[in-house]
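The values are calculated or read from the model by the stated rules, or taken from the named source; none is laboratory data. None of these values were measured; they are calculated from a predicted model. Every residue, glycine as well, gets a Cβ built from its backbone with ideal geometry; the counts of neighbours run over all protein chains shown. Remember, those area values only see protein heavy atoms, side chains included, never the ligands or the DNA or RNA. Shrake-Rupley method; radii C 1.70, N 1.55, O 1.52, S 1.80 Å.
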Amino acid sequence: MSSSVKADNAPVTYAGVIVNATTTPGGTIVPVTVTNFVNIGWLTLTLKYDTTKIRYIGFTPNNAFSGMTVTKTTAGTQARLLISWTSATGITLPDLTHLLDLTFTYKAGTASLSWGYTSGLVCQYKKYIGGTLVVCSDTPKGSFYINGGVSYRGAPIVTAPVINNAVPGSYVIPIKVNNLTTISAISLNLEYDSTVLTFTGYTANSVFGSYFPVSSVPGSQGKKLIVIGWYGSSVSLANGSTLVSLNFAYTNIHAGYSALNWYENGPSCEFVDGSTGSVLLDSPTTDYYKNGLIYSSNQFAAQTWLPVITNAGTTPGGVSVPVNVSGFINIKSFNLSFDYDTTSLSYNGFVPNTLFGSSLTVTNTLAGTSGRRLISISWTGSSPQTLADGSALATLSFTYKIGTTSLTWVTDATSCRFNDPIGNAYYDLPKLTYYRDGLVGSHVAPLIAAWYATPGVGQQVAIPVKIFNFLNISSFTLTLDYDPGVLTYQNAILVPGIGGTFSAITSGLGRLILSWNGSPASLPDSSILANLTFLYGNGGSTPLAWFDDGNSCKYMQGGSPTALYDLPKTNYYINGYVGPNPLVADFTVNNALPEINSIVTFLDLTTGTPSNWFWNISPSTWFYVNGTNASSQNPKVQFTMNGAYTISLTVTRANAAGIKIKGSYLHVGTPGLWTGTLSSDWSAVSNWHNFMVPTSSTDVVIPEVGSFSPSFIGDFIIGVHCKTITLSGPSSTLTITGNLIVN
């Protein structure tokens, strides 16, 4: 929700979910968190709960909200908490910041915490716009006010299996459970593709007796639902037990696989506590309902990627866009589609891989109403084919115009798929693992990272803001949000001597806007662009979160009226953090000098217990293997081209983030092999196959073939400038202007 809200929309407000409550007096703390909390100056929130389940004790507001009140009213067993606050100044908070914490004493059962916005109850926000408080839009209410709850336990965990290498025939699919203790009612809905699977029956665990109804009913978009609805005396099962075995006929005629996805809209998947009669909490649902899959082969679809080209304006003769693949094994046909922005590119034509010849087709059509165009690539062969990893299915030719465009795969069920010899689609979920988008532009925005610190309470703290790829920049605007209950802004100092005019202003409490303009300037990677000073007055933690609505974070390049491309935002704006236990990102690899097509294992060394990882590798001639992807903690990557690769790792944990960038960290290729692609200069890294100038431990080979033969200025010493040297053919040459010395 938070990624789609508009500027004048209300914040999204979340009541916490607690599943480990005890009866300790005042021992249950329920956070109320918010996203899209921008320049808010007034709020009224009504939260309802059952007094037989929990008892309200008090509240602790965010330190920034002076004057906040919480008033309790009771009618029978139902109570309401009216949360109110107003201010003459707008406040901005980073996403998922605590607005306040509510303290309860837990009694029994499951207590729902539901926002009241019907029957005269109020949930509403107002924000400052032009100095005036304006009511925020919050329709539909259910999308802006997210309920929570309190219980001594959560729902059981239900898992559908993953079945691979399936062939046509009958299959028994067991549904496993953990933590199923004292349950008196069950409601479950499992979605499947009825063009792949036909439901034929079921066998329930004998503990449920003879009454355990299971049926198949129509779902949405051609899918069907297995509906389980049971109630009875309380039952318990050991962890790993089978709740029910579902019988299917696997027809394998429409597609090679069917997802087994739990369909959860609230009451469609839930468990009832047999001792209290309460519905057990199961939020977030992905923690409690684990999806499954059945697919036809242990082979997966080919991984397909488009290049990232950031120097299109300097490329003579247009832009070549290869459509590269790996894992292209025993494939009989495929369909691939991606779209692009016609303001940046115009399509000229294509050259197919010689293996496909004229049977490969490429069409260029209008993509909906967005003004983008759709490239569709199709091929059906007379027999299955296999390609070497890193091969291009086709190379597309474009004329570059201006700006930057993403090359974005259209990943619905039919637009991108690879098929086996009898026409079944190979497994390709999740799509982002198999289809990697590309980019074409002349220059993209810099990457900026707010850093981290753990100061003492009451101390001032300076947070550096580091910059990468800051090239020929003539102006920028950057907006940074922080929790004003944790930090008080003091000042900002532009560090590098790039001249121009710099300003740092606060927009209400919790938002800092940095602006600069001047003559076009460039900075080395990892330069500190600015130091931000805050007072860490009250303890706690806060992200330093970049806020971008398309105009609030942007860079301009010298002479251009257009802001530099910066999508997706998470690739260009890395949040910082102030508080205890910061994330300090770091990593290593098992081989920093691999040969082409070698598999390299990335090893996360981050401290601070991250929960999410995102890897970025440049250039784009590589792919993930062994089921790993960009979100894996320790991915495995195969590189298909020689050269130097820059690796970045971004890690997050709740409201903390960190980044580590290692430029030219991996050198893929054969050490000491001369290519001479740039010049005759021995010292130019791009003239060597692995983009590394030889050292005293390198065995050098000068082949006959090369655009340029090497030349060394000064005395050349074998034992210093290389270990050994081989001129591999009669026309291989090395020119030395000084002496040749053999140690």
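Just a few scattered comments:
- Intensity falloff of the chain expressed as log10 I(q)/I(0), Debye formula with alpha-carbon point scatterers, at q = 0.08 Å⁻¹: -0.85
- Carbon/sulfur fraction of accessible area - the chain, other protein chains in place, 1.4 Å, %: 53
- The antiparallel fraction among DSSP beta bridges confined to the chain stands at about 85%.
- Compactness ratio for segment 600-730: Cα radius of gyration over 2.2 N^0.38 Å (N = residue count) comes to 1.34.
- Note on segment 342-474: Cα convex hull, mean projected area over all directions, 14.0 nm².
- Where segment 519-652 is the region considered: accessible area per residue in Å², 1.4 Å probe: 40
- Note, ³J(HN,Hα) from phi for segment 298-313, Karplus 6.51, -1.76, 1.60, rounded to Hz, x at Gly and Pro: 7, 8, 9, 5, 5, 7, 10, 9, 10, x, 9, 10, 10, 10, 4, x
- Dividing the convex hull volume of the alpha carbon atoms of segment 318-365 by its residue count gives 108 Å³ per residue.
- Annotation: amide H-H contacts under 5 Å for Ile309 (H modelled 1.01 Å from N, sequence separation of 5 or more, or interchain): Leu439, Val440, Gly441.
- Here the alpha carbons of segment 115-242 define both size measures, Rg and Dmax, at 21.9, 69 Å.
- Rg then Dmax, both in Å and based on the Cα atoms of segment 467-573: 14.3, 46.
- Annotation: amide H-H contacts under 5 Å for Tyr665 (H modelled 1.01 Å from N, sequence separation of 5 or more, or interchain): Tyr645, Thr646, Ile647.
- Inverse mean reciprocal Cα-Cα distance (Kirkwood Rh) of segment 496-627, Å: 18.8
- Accessible surface, per residue, of segment 250-293 when the full set of protein chains is kept, probe 1.4 Å, Å²: 42
- Calculated P(r) tail over 12 Å for segment 528-581, as whole % of Cα pairs: 75
- According to the Cα-based calculation, Rg over Rh for segment 252-339 is 1.23, with Rh computed by the Kirkwood formula.
- In the frame of its principal axes, segment 31-137 has Cα extents of 47, 29, 21 Å, reported largest first.
- Of Lys223/Lys431; Lys431/Lys569; Lys176/Lys660; Lys332/Lys636, those spanning more than 30 Å from alpha-carbon to alpha-carbon: Lys176/Lys660
- Principal axis box of segment 557-648, alpha-carbon based, largest edge first, Å: 43, 41, 22
- Karplus-derived HN-Hα couplings along segment 566-578 (A = 6.51, B = -1.76, C = 1.60, θ = phi - 60°), whole Hz, x at Gly and Pro: 8, 10, x, 4, 5, 7, 10, 10, 9, 5, x, 7, 10
- Residue-wise HN-Hα coupling along segment 167-180, computed from phi with Karplus coefficients 6.51, -1.76, 1.60 (Hz; x: Gly, Pro): 10, x, x, 9, 9, 9, 10, x, 9, 9, 9, 10, 6, 8
- Rounded D (µm²/s) - segment 619-694, Kirkwood Rh over Cα pairs, Stokes-Einstein at 25 °C, 0.890 mPa s: 172
- For segment 61-205: accessible area per residue (Å², 1.4 Å): 41
- Net charge of the neighbourhood of Ser406, taken over other residues with C-beta under 10 Å away and scored Lys/Arg +1, Asp/Glu -1, is -2.
- Normalised contact order of the chain, rounded percent, pairs of Cα under 8 Å and 6 or more residues apart: 9
- Each Cα pair under 8 Å and six or more residues apart adds its sequence gap; the mean of these over the residue count of segment 58-181 is a relative contact order of 19 percent.
- Local electrostatic count at Leu225 - Lys and Arg +1, Asp and Glu -1, tallied over other residues with Cβ under 14 Å: -1
- Under 14 Å, Cβ to Cβ, from Phe418 - net charge with Lys/Arg +1 and Asp/Glu -1: +1
- Cα-based radius of gyration for segment 184-341, normalised by 2.2 N^0.38 Å, reads 1.51.
- Helix content alone sets the calculated 222 nm mean residue ellipticity of the chain: runs of n ≥ 4 DSSP H residues at -39500 (n - 2.57) each, divided across all residues, give 0 deg cm²/dmol.
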